[in-house]
Amino acid sequence: MLLKNIPILRIFDVVKAKEFYIDWLGFTIDFEHQFEKDMPYYIGISKDDIQIHLSEHHGDATPGARVFIICNEIKKYYEELQSRPYKYLRPGLEETFYGTLEITVHDPFGNRLCFNEYIK
């Protein structure tokens with residue numbers, strides 16, 4: 001059986017979400033769904049093997065979630081982020097006590113994404 005987790009994160013503004021996740025973090029849009037004009041959006045995004053769903057729908061998720069993402073080539077990704085600065089955030093690359101290099105970013109809606117690469 002193939003298992004995969006796809007977190008759903010609450011958003012409140014599609015334009016801000018795209019600026020953060022697409023333009024800065026480098027994700028791509030897999031799909032966008034809106035039942036009709038002036039209704040909430042539900043968007044699927046991905047970067048390599050990482051998939052996340054973003055939802056404006058009340059009840060899909062609560063703001064303030066933390067997502068722990070295991071990745072590789074984190075130094076390269078850190079340099080990428082530094083090459084296209086985001087107006088509201090300048091994350092660091094830190095070594096954690098649990099043996100990873102980590103980049104933590106806070107999206108405009110109170111969610112945290114922690115990108116981690118195990119170093120040992």
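The values are calculated or read from the model by the stated rules, or taken from the named source; none is laboratory data. Quick caveat: nothing in here was measured; it's all calculated off a predicted structure. Please note: Cβ atoms are built from the backbone with ideal geometry, for glycine as well, and neighbour counts cover all protein chains shown.
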Starting from residues that are of a type in the set (S, T, Y) and touching a Lys or Arg at 6+ places or on another chain (Cβ under 8 Å), keep the ones in the stretch 43-96 and report whichever is modelled with the lowest pLDDT.
T62
Just give me the residues in the stretch 49-61 being surrounded by fewer than 12 Cβ atoms within 10 Å (Cβ to Cβ) and under 28 Å from G92 (Cα atoms), in sequence order.
D49
Those residues that are touching a Ser or Thr at 6+ places or on another chain (Cβ under 8 Å) and not hydrophobic (A, V, I, L, M, F, W, C), I need them from the stretch 27-83; list them, please.
T28, D30, P40, Y41, Y42, S46, K47
What is the residue count in the stretch 97-112 for residues that are surrounded by 13 or more Cβ atoms within 10 Å (Cβ to Cβ) and at pLDDT below 95?
0
Looking at the stretch 33-59, which of its residues are in a loop (DSSP other than H, G, I, E, B), out of contact with any Asp or Glu (no Cβ under 7 Å at 6 or more places or on another chain) and farther than 30 Å from I74 by Cα?
F35, E36, K37, D38, M39, H57, H58, G59
Take the residues in the stretch 68-96 that are surrounded by 16 or more Cβ atoms within 10 Å (Cβ to Cβ) and among the β-branched types (V, I, T); name whichever of them is farthest from the chain's Cα centre (by Cα).
I74
Flag if V67 is part of a strand (DSSP E or B), of a type in the set (A, V, I, L, M, F, W, C) and out of contact with any helix residue (DSSP H, G or I) (no Cβ under 8 Å at 6 or more places or on another chain)
yes
Please tell me if I6 is within 20 Å of F109 (Cα to Cα), loosely packed, with under 12 Cβ neighbours inside 10 Å and in contact with a strand residue (DSSP E or B) (Cβ under 6 Å, 6 or more places away or on another chain).
yes
All-but-one check, D30 against (1) crowded, with 18+ Cβ neighbours inside 10 Å; (2) touching a strand residue (DSSP E or B) at 6+ places or on another chain (Cβ under 6 Å); (3) outside any loop (DSSP other than H, G, I, E, B), failing number (1)
